1. Check which residues have an amide H placed less than 5 Å from Ser115's amide H, if you skip close sequence neighbours.
2. Can you run phi through the Karplus equation (6.51, -1.76, 1.60; θ = phi - 60°) for segment 125-133 and list ³J(HN,Hα) in whole Hz, with x for Gly and Pro?
3. With a cut-off of 8 Å between alpha carbons and a minimum separation of six or more residues, what is the relative contact order of segment 61-184 in percent?
4. Which value in Å is the Kirkwood Rh of segment 191-320 over different Cα pairs?
5. Around Leu127, which amide H atoms from residues at least 5 apart in sequence, or from another chain, sit under 5 Å from its own amide H, with H modelled in the peptide plane?
6. Over the chain, what is the mean sequence separation of C-alpha contacts under 8 Å (at least six apart), divided by residue count, expressed as relative contact order in percent?
7. To one decimal place, what Kirkwood hydrodynamic radius in Å is obtained for segment 122-249 from all pairs of distinct Cα atoms?
8. Using Cα pairs closer than 8 Å and at least 6 residues apart in sequence, work out the relative contact order for segment 1-124, in percent.
Amino acid sequence: MNVFVTGHQGYIGVHLVELLQAAGHSVTGCDLNLFEGCEWEPVARPEREIVKDVREISAEDLRGHDAVCHLAAISNDPMGDLNPELTLSINRDASIQIAKRAKEAGVPRYLFSGSCSVYGKGEKLDLQETDPLNPLTAYAQSKIETEEAVSKLADDDFSPAYLRNATAYGHSPMLRIDLVVNNLLGSALSYGEIRIKSDGSPWRPLVHCRDIAHAFVAFCNAPREVIHNQAVNIGGDSENYQVKDVGDMVQKLIPSATVAYTGEVGEDPRNYRVNFAKLSELLPEFKLEYTLARGMEELHAKMVEHGFSQQDFEGDQFVRLRTLTKRLEKLDLCEQAS
Ligand SMILES: NC(=O)c1ccc[n+]([C@@H]2O[C@H](COP(=O)([O-])OP(=O)(O)OC[C@H]3O[C@@H](n4cnc5c(N)ncnc54)[C@H](O)[C@@H]3O)[C@@H](O)[C@H]2O)c1
């Protein structure tokens, strides 16, 4: 299969390139390299690479591919709040445009990297795909509006699917520490303090970044009728955790660290547990490779090996918002968005 991957240089994308190639697929990557220089470890290179803004992807770029895995996005809630127009332009408008161009180019499958954040403050715990959506941010809104618009393009020759990923964590050669688990591990290791910004009670569905990549490969390989126009939560029922439990698990790994509840976010509105039954019903052979405990252990070992420091915790390399704020000026992305 020839697979076109956008955002292949990102936290999840670098795992996906490696796993697609390992499964025998040939990969074209398209990325603006916004985080160039932020690599932690060497990354897998696709067979073909296009360096461009996904808003400029043409039908010609896509022709000849069997599937598009669309991951490129401004993948950050605070960034979405800072510049909602930019988030909607890249995350929603470009995502819809790529789906239209893929269809025009005869690409039969379009797999969208969505998010469980579409559920927002759930009315109930254990949210399913059919439950009402309640976006709290421009980022979540962009994911919902893309699903809605792209679903109208589905037909006998074009099968989109929407992978609603849980919050990612874990090791990647393009590490991020602006995600809850990685952040708590990083602060424990560098400052000896597990800084929990809420009172620790909110529930979060968590999934290893490599398991998200595994899910994309499974969606590439699945029979068309199984995934056709389906929204599917990506994660595991036993992988919903309260933030305070994550803090306790970090403390087990780093016993010298203390837990501090800073309460700085006040009552955290993002409190939701997600049901992942549909994933196992549609793809019974798909299994998560990681539990949170195993993924944390692995990342902790990697951080120790790399000598993860206070400078790393405070620097730009692993925090998307800090790097993006600088690169936006350089790349004039804001101007293009207006
Ligand atoms: N990380 C998570 O917890 C999580 C959870 C759910 C969903 N997702 C979704 O998965 C996808 C990948 O997330 P990630 O954590 O790997 O993000 P990331 O920020 O690490 O990677 C995004 C990649 O997209 C590229 N990119 C951004 N805007 C672009 C543009 N206009 N043109 C070309 N390239 C562009 C960046 O250069 C980067 O390499 C995103 O769509 C995100 O919304 C992530």
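Just so you know, all these numbers are worked out from the coordinates, no wet-lab data involved. Since the structure is predicted, the reported quantities are computational estimates derived from the model, not experimental observations. Cβ placement follows ideal geometry from the backbone for every residue including glycine, while neighbour counts extend to all protein chains displayed.
1. Amide H neighbours of Ser115: Asn165.
2. Coupling constants for segment 125-133: 7, 6, 6, 10, 4, 8, 6, x, 9 Hz.
3. Numbers: 172 pairs, mean separation 37.0, N = 124.
Normalised by residue count, the contact order of segment 61-184 is 30 percent.
4. Numbers: mean 1/r = 0.0592 Å⁻¹.
It is 16.9 Å.
5. Arg273, Val274, Asn275
6. Numbers: 682 pairs, mean separation 67.4, N = 338.
Computed over the chain, the figure is 20 percent.
7. Working: mean 1/r = 0.0601 Å⁻¹.
Every distinct Cα pair counted, the radius reaches 16.6 Å.
8. Working: 186 pairs, mean separation 34.1, N = 124.
Relative contact order comes out at 28 percent.
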